[in-house]
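In what follows, a single structure is set out as C-alpha cells and then discussed.
Just so it is clear, none of the values below were taken in a lab; they were calculated from the coordinates. No experiment lies behind these values; they were computed from the predicted model shown. Heads up, the Cβs are rebuilt from the backbone with ideal geometry, glycines too, and the neighbour counts pull from every protein chain shown.
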Amino acid sequence: MDKYSEEKIQIELKNINQQLESQQQWQVVEGKLTKTFKFKSFIRAFGWMSQIAIWAEKLNHHPEWFNVYNKVEVKLTTHDAGGISELDFKLAEKMELFLK
C-alpha cells in the first residue's frame with residue numbers, strides 16, 4: 001500500500017466530508033486522518049467500536065482509537081506506507097457507514 005500525496009489526501013478528504021456537517025468532518029492532524037465521534041451513550045459508542053473492529057480485521061488495518069464514555073477519538077494512518085493511504089479512507093468510510 002502506497003502513501004497518498006498531499007494532493008490525493010485533500011481530494012479524498014473532500015470526497016468523504018462532502019456529506020458531513022462541518023463539525024463532523026474528518027481532518028488531517030499530525031499526519032493522521034482524525035475524527036472524534038460522539039454517541040448517545042457508552043453502550044452505543046462501544047457497540048459501534050465492536051462493529052468497526054470486525055471491519056478492521058477484514059481489512060487487516062487497525063485504528064488508533066480512544067474511548068471515554070460516549071466519545072471515540074479515531075486516528076488513522078498506514079504504518080507500512082509511512083502515512084495516510086487508501087486503507088485509511090476505506091476504514092473511515094466504514095466508520096461513517098456504521099453510524100447510520
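Screening the chain for whole DSSP H helices with an alpha carbon extent of at least 18 angstrom along the helix axis and a mean Kyte-Doolittle hydropathy of at least 0.5 yields 42-59. Roughly how far apart, in whole Å, are the Cα centres of segment 64-80 and segment 1-44? First find each Cα centre; the distance between them is then 11 Å. Model label points for E86 and A53, set 7 angstrom from Cα along the Cα-to-Cβ axis, are 2.8 nm apart. When the chain is treated as a GNM with alpha-carbon contacts under 10 Å, the residue of E73, E12, E57 showing the greatest mean-square fluctuation is E57. Counting only Cβ charges, +1 for Lys and Arg and -1 for Asp and Glu, the dipole size of the chain around its Cα centre is about 520 debye. Placing pseudo-labels 7 Å out from each Cα toward the beta carbon at V29 and F42 gives an inter-label distance of 2.3 nm.
Among the listed values (1) 37, 29, 22; (2) 46, 28, 19; (3) 77, 31, 28, the one matching Cα extents along the principal axes in Å as calculated from this structure is (1). When you filter the chymotrypsin sites (Phe, Trp or Tyr not before Pro) in segment 1-77 for DSSP loop state and at most 12 other Cβ atoms inside 10 Å of their Cβ, you are left with Y69. Annotation for segment 1-63: trypsin sites (Lys or Arg not before Pro) lying in DSSP loop with at most 14 further Cβ atoms inside 10 Å of their Cβ are K40.
Look at the dipole of the chain built from charges on Cβ: of F42, A53, I84, the Cα furthest out on the positive end belongs to F42. Among the lysines of the chain, pairs that are 8 or more positions apart or on different chains and have alpha carbons within less than 15 Å of each other number 21.
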